[in-house]
Amino acid sequence: MSTSMVSTVLEIEREAEAILVKADADAAAAVTQAKADRENAAKAHAEATAREIADIEAKAAADREARVRELSASGEKDLAVVKNISDAAYDKGVRYVMDALKGK
């Protein structure tokens, strides 16, 4: 083999080696970028999910509070009716219950 052919083969090998080194570096950079992208996407998704859960919990709390107020108002109204019963109506009710218990 001639010297020029050997030097040409060595030059081709060096170029191939450089191409392989660059490809390896590019692959490592792509993997690093993919990991960073995945972590950023996971973090963004977790934050969005946390915001959505907080919104749902806030709506549920507001709905629960409205229902409690509604039930309290209804209970107060019903209690006022019972508290304001006349003595005669109370006595008649007691008599009705006692007669029912006696079987009359």
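The values are calculated or read from the model by the stated rules, or taken from the named source; none is laboratory data. What you see is a predicted model, and the numbers here were worked out from it, not measured in a lab. Note: ideal-geometry Cβ built from the backbone for every residue, glycine included; neighbour counts use all protein chains shown. Accessible surface areas use protein heavy atoms only, side chains included; no ligands, DNA or RNA. Shrake-Rupley method; radii C 1.70, N 1.55, O 1.52, S 1.80 Å.
If you go through region 1-44 and keep only what is open to solvent by 80 Å² or more (accessible area, probe 1.4 Å) and either touching a residue at least 40 places away in the same chain (Cβ under 8 Å) or of a type in the set (S, T, N, Q) (or both), you end up with Thr3, Thr32, Gln33, Asn40.
Within region 77-94, is there a residue that is at pLDDT 95 or above and within 43 Å of the chain's Cα centre (by Cα)? Steps first, answer last, please.
Taking region 77-94 first, the residues at pLDDT 95 or above are none.
Checked region 77-94: no residue is at pLDDT 95 or above and within 43 Å of the chain's Cα centre (by Cα).
Return yes or no: is Lys59 more than 26 Å from the chain's Cα centre (by Cα) and at pLDDT 95 or above? Before the answer, list the steps.
On the way: more than 26 Å from the chain's Cα centre (by Cα): no; at pLDDT 95 or above: yes.
Spelling it out, it is not the case that Lys59 is more than 26 Å from the chain's Cα centre (by Cα) and at pLDDT 95 or above.
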